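Heads up, the thing below is written out as structure tokens.
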Amino acid sequence: DGRLIKFDLSYSWDVRMGGPPTQHDDLNITSYSPPAQLMGAALFRDPSNDHSLILYGGGVSYPRSSFEYLPPSASTNDTLWTYDTVARMWSAGKSATGLRSGKAPRRGASAEAPELGLAFYLNGVIGDGRNDSLFEEMIIINTLSRETRTVGDMASLDTIWLLDVASLSDNGTGTWYSQKTSGRTPLARADSCLVTATAPDHSSYNIYMLGGISSDISLPQPSIDDVWVLSLPQFVWTQVSAGAKPTSGRACQLVGKRQMLAMGGNCNVTSKRDVPCKPGDNNVVVFEMTTLKWSPLFVKEDKEYRVPRAVYEWIGGDGFGNATMMRPEGDFSNQGLAEMFGMSLGSTNGNSSSTGDAVRLAGSLLPGIFPITVGVAMLNLL
């Protein structure tokens, strides 16, 4: 609706008592701005200006009324937009990627490495909402120069693809590694959201994935209500929650010390009908990442994160970490991948604590979203 919503996390609050205090900033939408009714886009920080945000992608959709379903959205123009939060002004850059369609993907996954001046938009769909095509690449955005390029090709969720960002040259595609996972594999999906939590001793990095909708956009399938954890460097999937209130398109954020705050999105999605979550319909929810329970409370000064029992039963150890499984089942696929986690092929020891930033960024990109073969990009910042 052309507004930027901000949540106050400076103190604890209870959803049952009205939820978090919010501010709604009018984004000053004009003819020189991106469309007001924009869904499935990505916001990145501008490393050259603390007061600016960079917007890419998304689709235009106009609801019939406040909480009725949204018609299928059409992809917006392939443009990088910058918003100055102080001046409250938009500025448009050149065509971001030069895609033949002239349109940007939507419903993709995104992540950023502001310390490197890089942002990433992974997969998605392009079209008018009725005749969509899959976008099966990853767009790399230089957030300083605003230059972009496309790289990559994805695989299924039982295979994790990792991109060594340090190997990216100005015109290259970088070095990619793949690794098979163990444990049950989640359903292929789009519009999930993710956060990452680290074991106290850095023996595992646990990426939490919430909800989403089926990756087969041609079928009238409902959205998904579950939470999965991908543990690295073990490459083990664990399902930790399942319910009866499917959601998709939520925004997730790690808040406090061990809570996942999920906001907005669509509730009870079937077929192409997106029903926006509304007040009283889990519009703002909190997932406790250690006890694995949903809670109406945000606790600012909560206890420290502990690895949940459901996870360490598979990778060994305890709530403090101490994982006994320190590499993928059957070992890493190659030496280069092992070195990304500070290990060697065939070695029984290694220090993975230096990979924290890599896994944090990986968690943002995890859903691999919407290609026929859904995949994952893990980005190494070392």
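FYI, it's all coordinate maths here, none of it is from the lab. Treat the numbers as computed from the prediction; the structure is a model and nothing was measured. Reconstructed Cβ throughout: ideal geometry from the backbone, glycine too, with neighbour counts over all protein chains shown.
For MET89, nonlocal amide neighbours, meaning residues 5 or more places apart or on other chains whose placed amide H falls under 5 Å from its own, are ASP84. If the segment from ALA166 to ASN322 were pulled out straight at 0.36 nm per residue, it would be longer than the present Cα-Cα gap by 53.2 nm.
Once fully extended, how much extra length lies between SER241 and GLU147, figured as 0.36 nm per residue of separation less the alpha-carbon to alpha-carbon distance?
On the way: separation 94, 0.36 × 94 = 33.84 nm, distance 4.03 nm.
Value of the extension gain: 29.8 nm.
Here the label points at ASP50 and ASP201, each 7 Å from Cα along the C-beta direction, are separated by 3.8 nm in the simple model.
If you take the beta carbon distance between GLU304 and ARG16 as r and set R0 to 35 Å, what does 1/(1 + (r/R0)^6) give as a FRET efficiency, to the nearest 0.05?
Computed FRET efficiency for GLU304 and ARG16: 0.85.
The 3J(HN,Hα) values that the Karplus relation (6.51, -1.76, 1.60; θ = phi - 60°) gives for region 118-126 are, in residue order, 10, 9, 9, 10, 10, 6, x, 10, 10 Hz. Gly and Pro appear as x. Full extension of the chain between LYS257 and ASN334 yields a length gain of 24.3 nm, computed as 0.36 nm times the residue separation minus the alpha carbon distance.
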